[in-house]
Amino acid sequence: MRLALMASGTGSNVEVLLSEKQSGKLPLVDWVLLGCDRLDAPVIQKARSKVLKTWVHSPSEFAEKTHYEKSLHQVLTEQEVDGIVLAGYMRLIGPALLEHWQGRIINLHPSLLPSFPGQHSIQDALKYRVKLTGCTVHFVDEGIDTGPIIAQESVPIFSTDTKETLTKRIHQAEYSLLPKTVRRWSEGGFYLKDKIVHFVDEVGETI
Ligand code: GAR
């Protein structure tokens, strides 16, 4: 499976995915592209030598977001990409990409969706004093973190937690959940049909 990664910042999840490939744990995955919307994002240096191509462009370079997305679509098509993994990509996917890629984009989110969508999930979980949060991998649709859920892992919240300690614990859960999910995806373990995630066997359901 020829996969693209999209990220906007630090890229610790991208790093984990790339090293899982290097250590042979994602045998059916080829990381062919890193797409990034921030010219100064640390993820670019982390990934540059480990993917076939990097595409780094800010939407502000284009007259409209549609043009940015069409340019990205073009490179995804040229690289014969089969699917896209959003690993810390902080932008909403717009119609110009979705029309071609719906059902082929998965996103990592740091909460147990549908609780706490958006950009402040970790702070929101602390603010609401929930006892349990976590991370989710889901197919992307037109909404903000609303797409069909593929896999989740829960993380407890302790009364002593700060944003930093909780973020660290959620990251640990992400480093296990995202590679497992990508692996199952590359094995054909699940797919999206009629807005529902179908698992091909019981193993898939327990990602
Ligand atoms: C991750 O925690 C990911 O779940 C989150 O950004 C972080 C990126 O960290 N994604 C979102 O919030 C998407 N809405 P990283 O750059 O160190 O992988």
Exercise. Would you mention how many residues in the stretch 1-33 are within 14 Å of Gly83 (Cβ to Cβ), among the aliphatic types (A, V, I, L, M) and outside any loop (DSSP other than H, G, I, E, B)?
Key: 7
Quiz prompt | Selection within the stretch 124-139 - surrounded by 14 or more Cβ atoms within 10 Å (Cβ to Cβ) and in a helix (DSSP H, G or I) | solution = Asp124, Ala125, Leu126
Self-check item: Matching residues, the stretch 87-99, being within 19 Å of Leu34 (Cβ to Cβ) and either among the polar types (S, T, N, Q) or more than 7 Å from the ligand (Cβ to nearest atom) (or both)
Solution: Arg91, Ile93, Leu97
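Scan the stretch 11-49 residue by residue and report those that are among the charged types (D, E, K, R), farther than 21 Å from Ile93 by Cβ and touching a Gly at 6+ places or on another chain (Cβ under 9 Å).
Lys46
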Self-check item: Residues satisfying the stated conditions in the stretch 1-10, i.e. touching a Gly at 6+ places or on another chain (Cβ under 6 Å) and near the ligand (Cβ under 7 Å from one of its atoms)
Solution: Ala7, Gly9
Quiz item: If you go through the stretch 80-112 one residue at a time, how many are crowded, with 18+ Cβ neighbours inside 10 Å and in contact (Cβ under 8 Å) with a residue 60 or more places away in the chain?
Solution: 11
Exercise. Residue by residue through the stretch 137-163, note down the ones that are at negative phi and among the charged types (D, E, K, R).
Key: Asp141, Glu142, Glu153, Asp161, Lys163
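Restrict the check to the stretch 42-55 and report whether at least one residue is in a loop (DSSP other than H, G, I, E, B), modelled with pLDDT of 95 or more and polar (S, T, N, Q).
Taking every residue of the stretch 42-55 in turn, none turns out to be in a loop (DSSP other than H, G, I, E, B), modelled with pLDDT of 95 or more and polar (S, T, N, Q).
Just the residues that are assigned to a helix (DSSP H, G or I), farther than 25 Å from Lys53 by Cα and not small (Gly, Ala, Ser), please, taken from the stretch 80-123. So that I can check it myself, show each step before the final result.
Initially, the stretch 80-123 is screened for residues assigned to a helix (DSSP H, G or I), giving 95-101, 121-123.
Imposing the further condition that a residue be farther than 25 Å from Lys53 by Cα reduces the set to 121-123.
Within the stretch 80-123, Ile122, Gln123 qualify.
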Quiz item: Got a number for residues in the stretch 11-55 being more than 20 Å from Thr181 (Cβ to Cβ) and more than 15 Å from the ligand (Cβ to nearest atom)?
Solution: 7
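Regarding Lys25, is this residue within 28 Å of Gly134 (Cα to Cα) and either free of Cβ contacts under 8 Å to residues at least 40 places away in the same chain or crowded, with 16+ Cβ neighbours inside 10 Å (or both)?
No, not satisfied.
The values are calculated or read from the model by the stated rules, or taken from the named source; none is laboratory data. Everything quoted here is computed from the prediction, not taken from an experiment. Backbone-built Cβ (ideal geometry, glycine too); neighbour counts: all protein chains shown.
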